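Heads up: the structure comes next, in structure tokens.
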Amino acid sequence: MKKTAIAIALTSATAFANAQTVEVKLPTFYGKMNVTQEFVQQENDGSYSRLQSNASRLGLKGDFALNDELTAFYQAEYQIDVDGDADDAKALTMRNTFVGAKGSFGKVQAGLFDTALKAAQGKVDQFNDLPGDIKNIVTNSENREANAVRYSTPSLSGLVLTVDHINAEEEGAHNGLSLSAVYSRDAIYAAVAHDSEVEGEGVSVTRVVGQVSLADLTLGALWETEDDNGESADGFMVSAALKATSKVALKAQLASSDIKAEGSEQMSLGADYKLAKNAKTFVFATMGENDAEDSGVQVYGAGVEYKF
């Protein structure tokens, strides 16, 4: 009896020693703080100053192997208002939050995230999240949609195709569809994207984007057209960034659009100074107007951005 017990104990100890170790990775904690002091001058109206938190955020993300061929991934991201403006109910605003799986077939994800059309802009917008952002003048379709399911192909020599199915979750309502084809390789970025009934019923949007880097100079352009139940309008934006020194980058952007307001025109100029790998300080000026009387607005600002 004693010999049997000893044999069982030795067998169990050997099996435990030979068992494979399963590595459980902790999620990555990340974030961005972007804050600007801005001065706003309105045509034939009062001027004022403001402190702005520009899409500052905190998040967790990670992945882990399900088997040799399949990897799970996830992300939970929330916007925070560093300037303290948000009330307690809005202290955290959900941003891109999803779960998914990827493998040789490509990847699938579900949750809340930027549409394929929004993501197709890449980095062409040199004043993203600032007053010169294209969402403020060029487009209505910078959407982040809930109840969405996405499939993206693996990279085909730099080309990735993406399709989003956005569930309406109401009887009789139309589901949204967002598609993109994005080519990115070396110094070239090109994309074409299309939304159907994402912005609203009977609304379709097409976007074309291009960007190229030539040594220290980066040039970009975006064109968009929107059809809202038979009423069409379009807009465009061109941008440039010059790496003047190892620490200084100069930026310029010009936009024109009838999509958000008739006759909208905007120009932005700015400069970034690199403080560290993930930190910068910057200044900018944005001037815009449209066909409406006394619509002219000028915004001047300076800020800092920390990423971690």
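Just so you know, all these numbers are worked out from the coordinates, no wet-lab data involved. All values derive from a computational prediction rather than experimental measurement. Note: ideal-geometry Cβ built from the backbone for every residue, glycine included; neighbour counts use all protein chains shown.
Can you give me the relative contact order of segment 162-211 as a percent, contacts being Cα pairs under 8 Å and 6 or more apart?
For segment 162-211, the relative contact order is 29 percent.
How about segment 60-160: which GluC sites (Glu not before Pro) there lie in a loop by DSSP and see at most 12 other Cβ atoms within 10 Å?
Here the GluC sites (Glu not before Pro) that fit, given the DSSP loop and packing criteria, are Glu69.
Taking 0.36 nm per residue of separation and subtracting the Cα-Cα distance, what length does fully extending Asp63 through Ala233 add?
Additional length available on full extension: 57.0 nm.
Of the peptides 224-236, 51-63, 111-123, 163-175, how do they stack up when ordered by the mean number of other Cβ atoms within 10 Å, highest first?
111-123, 51-63, 224-236, 163-175
Taking the chain as the reference, fit the longest principal axis to its C-alpha atoms, fit the long axis of helix 2-18 to the helix C-alpha atoms, and give the angle between the two in degrees, 0 to 90, nearest 10.
With rounding to tens, the tilt is 30 degrees.
Quick one: what are the phi-derived ³J(HN,Hα) couplings along segment 195-207, Karplus 6.51/-1.76/1.60 with θ = phi - 60°, whole Hz, x for glycine and proline?
For segment 195-207, the Karplus-derived couplings read 10, 10, 6, 8, 6, x, 5, x, 10, 10, 9, 10, 10 Hz, x marking Gly and Pro.
Non-local amide H neighbours of Lys123 (under 5 Å, H modeled in plane, Pro and chain starts lacking H): which ones?
none
Classify segment 107-236 as rounded, prolate or oblate, taking a ≥ b ≥ c as the square roots of the eigenvalues of its Cα gyration tensor: rounded when a/c is under 1.5, otherwise prolate if a/b is larger than b/c and oblate if not.
Note, shape of segment 107-236 comes out oblate.
Calculated from DSSP H runs of 4 or more alone, at -39500 (n - 2.57) each and per residue, what is the 222 nm mean residue ellipticity of the chain, nearest 500?
About -2000 deg cm²/dmol.
Full-extension gain between Ala285 and Tyr30, please, as 0.36 nm times their residue separation minus the C-alpha to C-alpha distance.
Separation in residues times 0.36 nm, less the Cα-Cα distance, equals 88.9 nm.
Subtract the Cα-Cα distance of Tyr48 and Asn175 from 0.36 nm times their separation in residues, and report this length gain in nm to one decimal.
So the chain would gain 41.5 nm between Tyr48 and Asn175.
Quick one: Debye curve from the alpha-carbon atoms of segment 27-307 only, equal weights, vacuum; give me log10 I(q)/I(0) at q = 0.07, 0.08, 0.09, 0.14 Å⁻¹ to two decimals.
The Debye formula, applied to the Cα set alone, gives -0.28, -0.37, -0.48, -1.23.
Between beta-carbons, use under 11 Å as the cut-off and find the net charge around Tyr30, counting Lys and Arg +1, Asp and Glu -1.
Here the charged neighbours net out to +3.
Students often forget the sequence filter, so: which lysines lie under 24 Å Cα-Cα from Lys247 once same-chain residues fewer than 8 apart are removed?
Output for Lys247: Lys32, Lys123, Lys274, Lys277, Lys280, Lys307.
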